[in-house]
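Accompanying notes for the structure given below.
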Amino acid sequence: MGLKALDIFLTLLHFVIILFNLFGWIWKPLRKAHLICVAITAGCWFILGIWYGIGYCPVTDWEWHVKTQLGETNLPDSFIKYYADKISGTSVNESLISVAIAVCFGSAAPLSIYFNFFAKRFAKPANR
């Protein structure tokens with residue numbers, strides 16, 4: 001696979017992971033997979049983050065390695081910042097990006113925990 005194709009693949013993979021982390025809890029058949037994905041993401045951010053910096057993402061690391069080989073320089077720490085800058089055509093405030101990520105992930109993760117462990121306990125019995 002060529003570097004450009006690998007770059008496109010990693011970008012698409014990244015967007016799929018992000019969208020799944022945000023919305024995977026919605027579809028009942030995907031809730032367990034969503035919880036696993038959220039746990040892996042949190043593990044990368046906070047456990048691997050001990051060694052590589054909080055918020056570490058191996059997919060970003062791989063993608064930045066490919067982009068560097070393709071000649072890109074001055075890559076930010078965050079994949080989301082990179083695309084926010086690219087889409088907006090400006091340099092989006094990094095703190096704003098960090099807060100948005102924290103709020104979004106901080107909403108999706110508890111929803112996943114709720115629907116995987118607690119929703120059944122609070123569900124009303126069906127009328128028969």
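Please treat every number below as a calculation from the coordinates, not as lab data. Note that this is a predicted model, so its numbers are computed, not measured. In this analysis, Cβ positions are derived from the backbone assuming ideal geometry, glycine residues included, and neighbour counts consider all displayed protein chains.
3J(HN,Hα) along region 62-74, derived from phi through the Karplus expression 6.51 cos²θ - 1.76 cosθ + 1.60 where θ = phi - 60°, amounts to 4, 5, 5, 4, 5, 4, 5, 5, 7, x, 6, 10, 6 Hz, with x in place of Gly and Pro. Kirkwood analysis of the Cα pair distances in region 46-117 returns a hydrodynamic radius of 13.9 Å.
Dimensions of region 1-72 based on its C-alpha atoms, expressed as ranges along the principal axes with the largest first, amount to 42, 29, 16 Å. Ordering Y114, Y82, C57 by the projection of their Cα atoms onto the charge dipole of the chain, which places +1 on the Cβ of Lys and Arg and -1 on the Cβ of Asp and Glu, puts Y114 at the extreme positive end. In a fully extended conformation the segment linking S107 and D61 would gain 14.1 nm over its present Cα-Cα distance, using 0.36 nm per residue. For K28 and S91, a Förster radius of 35 Å and the Cβ-Cβ distance give a FRET efficiency of 0.30, rounded to the nearest 0.05. Here the extension length gained between F117 and F9 equals 35.5 nm, from 0.36 nm per residue of separation less the Cα-Cα distance.
Using a Gaussian network for the chain with springs between C-alpha atoms less than 10 Å apart, which of these wobbles most: N116, N93, N21? Looking only at N116, N93, N21, the largest GNM fluctuation is found for N93. In the chain, helical runs assigned H by DSSP with n ≥ 4 each contribute -39500 (n - 2.57); averaged across all residues and rounded to the nearest 500, the mean residue ellipticity at 222 nm is -20500 deg cm²/dmol. Distance between the 7 Å Cα→Cβ label points at A39 and V16: 2.2 nm. Relative to the dominant Cα principal axis of the chain, helix 79-88 is inclined by about 70°. The HN-Hα couplings worked out from phi for region 107-117 by the Karplus form 6.51 cos²θ - 1.76 cosθ + 1.60 (θ = phi - 60°) are 8, 5, 4, x, 4, 4, 4, 4, 5, 7, 10 Hz, whole numbers, x standing for Gly and Pro. Just to be sure I understand: with springs between alpha-carbon atoms less than 10 Å apart, which residue in G89, G49, G106 has the highest mean-square fluctuation in the Gaussian network model of the chain? Highest fluctuation among the options: G89.
Each listed q (0.10, 0.12, 0.22 Å⁻¹) maps to a log10 I(q)/I(0) for the chain from the Debye sum over equal C-alpha point scatterers, namely -0.39, -0.54, -1.39. 3J(HN,Hα) couplings calculated from phi for region 27-36 with the Karplus curve 6.51 cos²θ - 1.76 cosθ + 1.60 (θ = phi - 60°) are, in sequence order, 8, 3, x, 9, 5, 5, 4, 5, 4, 5 Hz; Gly and Pro show x.
Overall, the chain carries a charge dipole of about 1040 debye about its Cα centre when +1 sits on the Cβ of Lys and Arg and -1 on the Cβ of Asp and Glu, all other atoms neutral.
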